[in-house]
Amino acid sequence: MIDLAQRLTVAPRRWTGAAEDWLLAEPRALYGAALCRIGTALSVLGLLVSNFTSREVWVGQGSVWAEPARALSQFPELALLDGVSGDVLTLFYVVTMLSTVALALGWHTKAANVVTLIGFIAVVAQNPVVGDEGDNLVRITLLWLLLMRTAEHWSLDARRRELRVASSSGSASAMRQAWDGEQVLPGWLSSGLHHVGLIGLMTQTVLLFTAGGLDKVSQDIWQRGTALYSTMQLPEFRPYPWLSDAVSSSSVLLAILTYAVLLTQLFFAPLLLNPITRRIVLAAAIAVNVVLAVLLALPWSSLAYIALAGLFVSTETYERLDEWVRERGAPVGDWLALRSYDVQDAIAAVLDRTWWPAVDWVRATVFRR
Amino acid sequence: MSVTSAEPSAPRPWQRRLVVLLALAAVAHSVVIAFWLSPQSPVRSLFGSKNLTTYVNPYFEQSWSELAPNAQFVDESFSLRAQVKDDETGKITMSEWVDVTAVEDDSLRHDVDPARAHLMARKLATNLNGAMYGLNAKQRALVRESYTREPIAQLGPRLLGAGNDRLGAVETYVAYDVMATRFASMYAKARFDGRILKVQYLVGRRTVPPAADRGTTTVRDKDFNYFRFGFRRGYDASFEAQTAFDDYVGK
């Protein structure tokens with residue numbers, strides 16, 4: 001009895017200790033986080049580019065007809081575009097697009113993540129009537145990514161850090177470090193927040209896949225392997241009618257695709273537990289989403305799902321992939337990186353000659369400081 | 001990766017506890033989301049639907065059917081016509097019916113990343129169809145009447161007079177009637193020359209035949225079943241809003 005009581009008191013302490021060690025260890029899944037950042041950013045960018053020419057009628061003044069639906073929305077970000085002119089909308093829209101480019105490139109990543117999140121909500125939620133199922137997923141992903149260290153790999157921030165360390169250029173102010181995407185939080189907090197974000201986003205993904213799979217498996221039409229037939233008959237989901245007809249006219253092809261969707265969602269969580277089945281389910285989930293992107297004209301939400309699936313790929317796999325790509329793409333990558341620094345230098349030079357003198361002039365003459 | 005050279009010291013006990021607390025908060029959040037995503041059950045009721053809604057809205061809003069693709073069975077259409085007055089001649093004419101969804105479908109074809117604007121009429125039709133099924137027979141009869149002398153937003157009290165047990169359905173319907181009236185007016189103004197006095201729209205729905213019948217019939221062989229609505233007073237959008245619509249419709 002005493003032994004049991006001891007165990008009951010010791011076990012929670014041991015678990016808490018293990019949890020603390022796990023949370024405060026070196027950040028995990030940094031490559032997955034980087035891929036998730038890039039994929040989600042490209043998904044937002046693709047959506048914004050696709051709708052750029054019709055932005056006025058989608059979310060601008062021309063969307064006044066959707067006002068009753070907009071009035072029900074609780075996003076405070078909507079106020080940013082409330083009643084603005086077409087020019088202001090265009091400016092806001094372009095800034096959001098630029099921030100998604102910066103997020104994808106990992107250039108001042110945290111700031112870009114914040115601007116992308118706010119811009120995405122402010123733009124997309126303006127017209128809830130034509131909202132897409134993937135919008136919620138993208139928003140939630142961007143929210144969790146805020147906590148995570150997503151710029152440790154495949155980013156200009158990482159490249160800049162490497163160059164600074166190599167040149168031993170000394171320490172900068174905390175503000176400057178934050179702007180440059182460097183770690184300003186204490187190591188324990190940075191790692192802890194990264195892991196908290198990782199837990200939140202991974203759990204969210206698993207929950208969504210499982211809920212989606214359970215919902216589908218409860219429907220007779222999914223059990224029979226014909227669920228996608230009716231969807232592919234609807235005009236909004238058949239961009240290439242000949243392709244939709246080719247898939248839906250073959251019972252076998254239709255069933256394979258339907259079951260692939262069902263099984264990758266329903267068994268996503270349990271199959272992640274084993275390294276081999278994890279590779280299978282992730283490859284299947286990515287392949288299914290690539291097919292659906294083309295077949296059902298859902299490229300940007302599919303890309304967001306693929307980005308999330310990428311979070312579960314192991315670091316070892318990414319390192320092998322990274323090595324393989326670097327070997328083959330090093331010359332091109334170096335050239336591009338050098339050009340990007342040339343561009344940054346040029347921008348800095350322009351700012352030095354225009355913006356900063358103007359600021360100094362205002363400070364000296366207007367504020368007299 | 002840090003630029004500071006000092007070796008980081010081991011986290012203090014309070015720092016370790018703080019991180020664990022944050023992780024527990026993430027886990028608790030995930031549990032709440034799991035209940036939000038789960039179907040109605042006694043366990044879910046413990047949280048209370050209202051509490052769950054308050055928690056997830058707006059930032060964590062999501063649904064169990066979120067994960068595309070879903071099986072969808074209904075093809076919808078949105079058509080409109082308008083009474084147009086030529087202010088120069090004073091002549092009043094009634095336009096032909098325009099199937100806006102058919103125009104949208106042309107834009108969707110061969111476009112793998114279609115603009116969302118190409119789905120406006122279709123989504124309105126989807127929502128109007130859904131809203132109509134929420135109304136009772138008397139209320140549906142009421143929306144078939146014309147309301148050209150009063151703002152359509154005042155239709156609510158009349159509908160509630162015909163069945164006050166459906167407050168949510170009536171609110172939803174009136175919201176979509178307002179949206180459809182505005183959309184139809186702006187589209188008509190962009191399409192026809194003159195002032196829009198009143199508009200009328202109808203929404204259709206047809207169901208995709210079962211996959212087993214695909215050799216003999218497709219959804220395109222089936223006729224739409226229509227919900228008809230009365231005339232509504234034309235909505236005058238601002239110059240900027242109408243210009244945006246004109247540019248989109250391609251006057």
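Might you check whether a residue that is of a type in the set (Ser, Thr, Tyr), surrounded by fewer than 18 Cβ atoms within 10 Å (Cβ to Cβ) and more than 14 Å from chain A (Cβ to nearest Cβ) occurs anywhere in segment B:50-57? Give the derivation first.
Residues of segment B:50-57 of a type in the set (Ser, Thr, Tyr): B:53-55.
Filter once more, keeping what is surrounded by fewer than 18 Cβ atoms within 10 Å (Cβ to Cβ): B:53-55.
Now narrow it down to the ones that are more than 14 Å from chain A (Cβ to nearest Cβ): none.
Scanning segment B:50-57, I find no residue that is of a type in the set (Ser, Thr, Tyr), surrounded by fewer than 18 Cβ atoms within 10 Å (Cβ to Cβ) and more than 14 Å from chain A (Cβ to nearest Cβ), so the answer is no.
How many residues does segment B:178-218 hold that are of a type in the set (Lys, Arg), surrounded by fewer than 20 Cβ atoms within 10 Å (Cβ to Cβ) and under 25 Å from B:Asp247 (Cα atoms)?
Matching residues across segment B:178-218 total 1.
Taking A:Ser50 as the residue in question, decide whether it is surrounded by fewer than 21 Cβ atoms within 10 Å (Cβ to Cβ), without any contact (Cβ under 8 Å) to a residue 60 or more places away in the chain and either among the hydroxyl-bearing types (Ser, Thr, Tyr) or in contact with a Cys (Cβ under 7 Å, 6 or more places away or on another chain) (or both). Let's see the steps before the verdict.
Numbers: surrounded by fewer than 21 Cβ atoms within 10 Å (Cβ to Cβ): yes; without any contact (Cβ under 8 Å) to a residue 60 or more places away in the chain: no; either among the hydroxyl-bearing types (Ser, Thr, Tyr) or in contact with a Cys (Cβ under 7 Å, 6 or more places away or on another chain) (or both): yes.
Here the answer is no, as A:Ser50 does not meet what is asked.
Could you tell me which residue of segment B:127-140 is surrounded by the most Cβ atoms within 10 Å (Cβ to Cβ), considering only residues that are of a type in the set (Gly, Ala, Ser) and closer than 13 Å to B:Tyr173 by Cα?
Keep residues of segment B:127-140 that are of a type in the set (Gly, Ala, Ser), which gives B:130-131, B:134, B:137.
With closer than 13 Å to B:Tyr173 by Cα added as a condition, the list becomes B:130-131, B:134.
Working: B:Gly130: 15, B:Ala131: 22, B:Gly134: 15.
It comes out as B:Ala131.
For segment A:269-286: of the residues being over 26 Å from A:Glu152 (Cβ atoms) and in contact (Cβ under 8 Å) with a residue 12 or more places away in the chain, which is nearest to the other protein chains (Cβ to nearest Cβ)?
A:Ala269
Does segment B:81-126 hold any residues that are part of a helix (DSSP H, G or I), surrounded by 15 or more Cβ atoms within 10 Å (Cβ to Cβ) and of a type in the set (Asp, Glu), and which are they?
Scanning segment B:81-126 gives B:Glu104, B:Asp105.
Among B:Ala28, B:Ala6, B:Ala10, which is the only one that is more than 8 Å from chain A (Cβ to nearest Cβ), within 21 Å of A:Val196 (Cα to Cα) and either in a loop (DSSP other than H, G, I, E, B) or at pLDDT below 85 (or both)?
Within the list B:Ala28, B:Ala6, B:Ala10, the selection yields B:Ala10.
Can you tell me which residue among A:Val184, A:Val130 is surrounded by fewer than 21 Cβ atoms within 10 Å (Cβ to Cβ) and out of contact with any Pro (no Cβ under 6 Å at 6 or more places or on another chain)? Can you show your working first?
Details: A:Val130 fails: surrounded by fewer than 21 Cβ atoms within 10 Å (Cβ to Cβ).
Residue meeting the stated conditions: A:Val184.
Among the numbered criteria (1) more than 14 Å from chain A (Cβ to nearest Cβ); (2) touching a Lys or Arg at 6+ places or on another chain (Cβ under 6 Å), which single criterion is violated by B:Leu159?
(2)
Within segment A:20-41, restricting attention to residues that are of a type in the set (Gly, Ala, Ser) and part of a loop (DSSP other than H, G, I, E, B), which residue is modelled with the highest pLDDT?
Initial filter on segment A:20-41 (of a type in the set (Gly, Ala, Ser)): A:25, A:29, A:32-34, A:39, A:41.
Now drop any that are not part of a loop (DSSP other than H, G, I, E, B), which leaves A:25, A:29.
Working: A:Ala25: 93, A:Ala29: 97.
Across segment A:20-41, the extreme among qualifying residues is A:Ala29.
Would you point out which residue out of B:Phe239, B:Phe224, B:Phe229 is in contact (Cβ under 8 Å) with a residue 60 or more places away in the chain, surrounded by fewer than 20 Cβ atoms within 10 Å (Cβ to Cβ) and more than 8 Å from chain A (Cβ to nearest Cβ)?
Answer to the selection: B:Phe224.
When segment A:147-168 is examined, which residues are found to be β-branched (Val, Ile, Thr) and either without any contact (Cβ under 8 Å) to a residue 60 or more places away in the chain or in a helix (DSSP H, G or I) (or both)? Steps first, answer last, please.
In the first step, residues of segment A:147-168 are kept if they are β-branched (Val, Ile, Thr); the result is A:150, A:165.
Answer for segment A:147-168, where residues must be β-branched (Val, Ile, Thr) and either without any contact (Cβ under 8 Å) to a residue 60 or more places away in the chain or in a helix (DSSP H, G or I) (or both): just A:Val165.
Can you tell me how many residues within segment A:212-238 are of a type in the set (S, T, N, Q), buried (at least 18 other Cβ atoms within 10 Å of the Cβ) and assigned to a helix (DSSP H, G or I)?
So in segment A:212-238, the residues of a type in the set (S, T, N, Q) come out as A:218-219, A:223, A:226, A:230-231, A:233.
Okay, now just the ones that are also buried (at least 18 other Cβ atoms within 10 Å of the Cβ), so A:226, A:230-231, A:233.
Restricting the remaining residues to those that are assigned to a helix (DSSP H, G or I) gives A:230-231, A:233.
Total satisfying the criteria: 3.
Output the number of the condition that B:Lys138 fails; it satisfies all remaining conditions of (1) within 20 Å of the chain's Cα centre (by Cα); (2) more than 14 Å from every other protein chain (Cβ to nearest Cβ).
Result: B:Lys138 passes all but (1).
For A:Asn274, all conditions in the list (1) touching a helix residue (DSSP H, G or I) at 6+ places or on another chain (Cβ under 8 Å); (2) closer than 18 Å to A:Phe312 by Cα; (3) of a type in the set (S, T, N, Q) hold save one; what is the number of the exception?
Unmet condition: (1).
Just to be sure before I move on: is A:Thr203 in contact (Cβ under 8 Å) with a residue 60 or more places away in the chain and touching a helix residue (DSSP H, G or I) at 6+ places or on another chain (Cβ under 9 Å) in the structure I sent?
no
For segment A:46-92, enumerate the residues that are facing chain B (nearest Cβ under 9 Å), assigned to a helix (DSSP H, G or I) and among the hydrophobic types (A, V, I, L, M, F, W, C).
Selection gives A:Leu47, A:Val49, A:Val57, A:Trp58, A:Val64, A:Trp65, A:Ala66, A:Ala69, A:Ala71, A:Leu72.
Scanning segment B:212-251 for residues that are among the charged types (D, E, K, R) and in a loop (DSSP other than H, G, I, E, B), which turns out modelled with the lowest pLDDT? Let's see the steps before the verdict.
Step one: filter segment B:212-251 for residues among the charged types (D, E, K, R), giving B:213-214, B:220-223, B:228, B:232-233, B:236, B:240, B:246-247, B:251.
If we keep only those that are in a loop (DSSP other than H, G, I, E, B) too, we end up with B:214, B:222-223, B:236, B:251.
Numbers: B:Arg214: 89, B:Lys222: 95, B:Asp223: 96, B:Asp236: 95, B:Lys251: 65.
Here the residue is B:Lys251.
When only residues in segment A:11-25 that are facing chain B (nearest Cβ under 10 Å) and in contact (Cβ under 8 Å) with a residue 12 or more places away in the chain count, which is nearest to the chain's Cα centre (by Cα)?
A:Leu23
Quick check on my filter: what residues within segment B:162-190 are aliphatic (A, V, I, L, M) and within 14 Å of chain A (Cβ to nearest Cβ)?
The initial filter retains those residues of segment B:162-190 that are aliphatic (A, V, I, L, M), namely B:162, B:167, B:169-170, B:174-175, B:178-180, B:184, B:186, B:188, B:190.
Result: B:Val170, B:Val174, B:Ala175, B:Val178, B:Met179, B:Ala180, B:Ala184, B:Met186, B:Ala188, B:Ala190.
Scan (1) closer than 17 Å to B:Val98 by Cβ; (2) part of a strand (DSSP E or B) for the single condition B:Tyr187 breaks and write down its number.
(2)
Any idea which of B:Phe47, B:Phe60, B:Phe35 is surrounded by 12 or more Cβ atoms within 10 Å (Cβ to Cβ), within 8 Å of chain A (Cβ to nearest Cβ) and aromatic (Phe, Trp, Tyr)? Before you say what the answer is, go through the steps one by one.
Values: B:Phe47 fails: within 8 Å of chain A (Cβ to nearest Cβ); B:Phe35 fails: within 8 Å of chain A (Cβ to nearest Cβ).
Among B:Phe47, B:Phe60, B:Phe35, only B:Phe60 is surrounded by 12 or more Cβ atoms within 10 Å (Cβ to Cβ), within 8 Å of chain A (Cβ to nearest Cβ) and aromatic (Phe, Trp, Tyr).
The values are calculated or read from the model by the stated rules, or taken from the named source; none is laboratory data. The structure presented is a predicted model; accordingly, all values stated were derived computationally and were not measured. A quick note on method: Cβ atoms are made from the backbone with ideal geometry, for glycine too, and the neighbour counts reach across all protein chains shown.
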